[in-house]
1. For helix A:241-257, report the angle its Cα long axis makes with the longest principal axis of the Cα atoms of chain A; keep it between 0 and 90° and round to the nearest 10°.
2. Can you name the residue in chain B whose Cβ lies closest to the B-to-A rotation axis, and give that gap in whole Å?
3. Write down the Å³ per residue value for the convex hull defined by the alpha carbon atoms of the protein assembly as shown.
4. Can you say what percent of the DSSP beta bridges in chain B, counting only those with both residues inside, are antiparallel? Round to 5.
5. Dividing the convex hull volume of the Cα atoms of the range A:111-265 by its residue count, what figure in Å³ per residue is obtained?
6. Using only the alpha-carbon atoms of the range A:135-218, report the extent along each of the three principal axes, biggest first, to the nearest angstrom.
7. Please give the average number of partner chain Cβ atoms lying within 10 Å of the Cβ of each residue in A:377-388, rounded to a whole number.
8. By how many degrees, between 0 and 90 and to the nearest 10, does the Cα long axis of helix B:296-317 differ from the longest principal axis of chain B?
There are 2 protein chains.
Amino acid sequence: MNRLSNIRPNMSRLWASLMRSAEIGKTAKGGLRRLALSEDDAVMRHEFIRWCEEAGCDVRIDAIGNIFATRKGAEPDTKSVLVGSHLDTQVHGGRFDGILGVLAGLELVRTLNDHGIVTKRPITLVNWTNEEGARFEPPMIGSAVFTRQKAVEFAYSRLDRDGLSLGDELARIGFKGTDAVSADRFDSLFELHIEQGPRLEAEGKQVGIVTGAFGVRGFVVEVLGETGHVGPTPMPARKNALVGAAEVTLAINEIGWSRHETGGKSTTMRIRTEPNLLGAIPDHVEMTCDMRHPDESVVIAMLEEFKARLPALQERSRCEISIKESWSYGGMRFDAGCVDLVRQSAEALRYSTMEMLTEAGHDAMHVAEYLPTAMIFTPCEDGLSHNEAENVTIADIEPGVNVLMQAVLERANRSG
Amino acid sequence: MNRLSNIRPNMSRLWASLMRSAEIGKTAKGGLRRLALSEDDAVMRHEFIRWCEEAGCDVRIDAIGNIFATRKGAEPDTKSVLVGSHLDTQVHGGRFDGILGVLAGLELVRTLNDHGIVTKRPITLVNWTNEEGARFEPPMIGSAVFTRQKAVEFAYSRLDRDGLSLGDELARIGFKGTDAVSADRFDSLFELHIEQGPRLEAEGKQVGIVTGAFGVRGFVVEVLGETGHVGPTPMPARKNALVGAAEVTLAINEIGWSRHETGGKSTTMRIRTEPNLLGAIPDHVEMTCDMRHPDESVVIAMLEEFKARLPALQERSRCEISIKESWSYGGMRFDAGCVDLVRQSAEALRYSTMEMLTEAGHDAMHVAEYLPTAMIFTPCEDGLSHNEAENVTIADIEPGVNVLMQAVLERANRSG
């Protein structure tokens with residue numbers, strides 16, 4: 001890439017947009033709680049659309065509420081380059097996870113406007129609906145519907161903790177769109193994101209070139225015991241489902257630790273216990289668990305090891321233990337051409353880089369099944385995310401924003 | 001006791017009353033869900049009061065909603081003998097826990113009426129408010145207020161899961177009474193209850209003579225970890241509070257098992273986890289735990305052992321673990337005179353008996369601090385309780401009801 005553009009983003013303007021976003025759903029500890037399709041999400045969406053329209057974009061909303069804001073290209077019949085991420089957050093979320101990728105795209109459009117640059121292809125900013133899955137499960141549902149991995153009716157039927165459906169909530173906030181936005185209209189996707197891990201910061205690298213994704217297995221473990229009074233029931237007559245859950249949790253933890261040097265991770269993240277009352281032995285526990293490894297074959301082996309350990313866990317806890325449902329994602333590699341554009345952009349800009357896999361789930365992983373896709377990571381403070389203390393400085397993100405801009409410009413100007 | 005009365009309860013009538021109660025809050029599986037101060041509790045209270053008034057009793061309601069129904073004695077200025085238990089149930093409760101003790105008292109009064117017998121002292125049937133603690137904690141709050149171990153204002157302030165206060169709910173169902181019912185008015189208390197354990201059934205004994213109570217320690221363990229994304233956070237950087245909770249649960253379970261041959265028990269019964277979401281490492285767990293042993297000094301040692309193991313549990317789980325609050329009850333012996341009356345009644349009736357300690361908490365344990373008190377246990381099927389499958393036959397309970405009747409008659413006719 002020797003045609004490096006001389007334009008640069010206005011980092012102060014981008015930071016101001018990020019800080020405006022940080023006011024919408026702000027928590028007492030300075031994080032964000034902007035759950036998908038909440039009032040705050042609606043306020044943020046309207047603010048984003050206003051900014052896009054002020055920047056001259058044409059805004060469309062699809063049936064799942066994904067927002068597409070397109071800046072025209074010189075050749076309007078060519079496919080558009082997608083740039084974006086998500087504006088929703090975790091319950092105790094941070095100010096940058098997802099948001100950086102959307103607003104960096106907006107800054108790219110604003111910068112092109114400042115310089116009167118018209119790219120060959122259109123550029124489309126995207127905000128995916130319900131990436132986090134903190135309110136409606138599964139996560140990344142907007143991109144899953146976009147890529148037809150999930151039916152929109154399935155997405156509409158998802159319920160939050162209060163029994164409200166995603167479909168009704170989408171309609172309530174006015175984002176159940178009617179625009180048919182097909183993946184066929186697009187050329188590629190670039191997603192900029194904070195790393196959500198400590199590696200870039202620890203090794204002093206400015207840009208993460210994301211070449212693919214960890215293999216991920218999620219599963220729900222069910223433990224069946226037997227209830228009874230915590231007083232008179234003798235120990236040998238007990239089947240305390242929380243004891244079974246404890247055995248499961250320690251086994252899962254050990255399986256991750258035994259592969260941690262090659263990047264393995266394992267987590268028991270959620271637990272639901274019945275009857276969960278004083279005086280009663282618990283008889284039913286459901287736990288949602290997660291295993292990840294950079295090598296897809298190893299994450300398969302981790303899950304197999306857990307299954308192989310189930311009989312021993314059952315015997316020790318005297319409970320019935322089974323895997324009730326499971327899912328998988330990741331394990332793929334991003335498009336070599338798009339990744340190479342990112343690599344060349346970073347080299348041309350003289351940034352220090354690290355090639356890495358994403359360990360978290362991202363909409364880009366769904367889109368990668370349909371379109372050439374790449375991701376760019378920025379360092380973040382202490383690797384923290386999904387946490388109100390999540391933090392970056394302008395210095396942390398400026399290299400990534402620059403690389404995003406150069407890679408997207410290059411892609412949007414390519415022939416064919 | 002050579003003056004054994006020839007009167008016997010009408011077991012068919014008692015069974016009919018128990019089965020009427022079993023309709024009020026009936027669950028699909030044939031158990032009861034009659035939470036304290038619920039609509040069903042109100043219906044049952046009104047039914048009980050109607051029965052008491054039909055049996056000629058004078059009914060009073062105290063400030064905490066305890067119901068006292070007094071049958072006059074020949075010497076009205078003497079102190080009254082209390083007979084009763086509770087009509088509320090667990091969330092997935094059975095048809096006999098507590099209810100048997102109240103309705104057996106009612107049957108006693110009805111039988112005395114049938115035979116035109118007037119005792120020297122009055123006899124007062126009692127239904128204690130919120131024994132189970134399934135809706136408002138702590139359990140046994142009605143007897144705790146009656147014996148002035150808890151202030152009524154404290155009781156009123158207790159909240160259920162929906163944030164409704166005990167005081168407001170008591171007023172709503174019309175049972176915030178204005179009668180001053182002091183413990184000073186009473187001579188003694190007899191409480192008949194199902195064993196809630198398997199010993200009587202296993203050894204083929206008809207009546208349990210309850211001489212005292214297991215020592216009980218309850219405590220809340222708090223585990224503090226650190227949240228973060230379940231993907232990128234490396235295993236060595238994690239503090240998963242559910243891993244700490246698992247270590248605690250297995251340690252507590254081991255401590256009970258190591259004393260189970262002398263009657264020790266230990267339980268993790270309730271868990272609350274934050275943020276308890278997909279994608280986030282849990283950073284906060286609270287568990288409510290329980291330890292019991294017949295020997296008060298051993299239950300003290302069990303809790304000390306747990307405290308001594310905390311540093312190792314913290315080290316292994318990398319979490320901060322502490323005991324946030326704790327409470328104790330039981331460990332006392334019932335009144336020798338009242339217990340002896342029970343023993344003599346059973347002997348005179350030629351029943352097989354077993355002397356035992358109660359392993360569950362009962363209102364009688366609070367009352368025993370103020371009045372001479374005794375408890376009588378009946379066998380129950382498989383020792384199950386706090387369970388919709390809880391069951392007894394008339395043959396299981398008839399000996400206990402007879403013993404209750406004879407012991408109460410004897411006490412109510414004693415001089416002095």
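1. On a 0 to 90 degree scale, this one is about 50.
2. Value returned for chain B: B:Ala246, 2.
3. Numbers: hull volume 127.4 nm³, N = 832.
Convex hull volume per residue, Cα atoms: 153 Å³.
4. Details: 47 of 68 bridges.
DSSP beta bridges in chain B are roughly 70 percent antiparallel.
5. Working: hull volume 35.4 nm³, N = 155.
Convex hull of Cα atoms, per residue: 228 Å³.
6. If we take the Cα atoms of the range A:135-218, the spans are 46, 35, 26 Å.
7. Working: counts 1, 0, 0, 1, 0, 2, 6, 7, 8, 12, 9, 1.
Going residue by residue through A:377-388 and averaging, the value is 4.
8. Helix B:296-317 and the main axis of chain B meet at about 20 degrees.
Any read-out appearing in this document is the output of simple, stated calculations on the displayed coordinates, not a laboratory observation. Model, not experiment: these values are computed from the prediction. For neighbour counting, all protein chains shown are included, and Cβ atoms are generated from backbone atoms with ideal geometry for every residue, glycine included.
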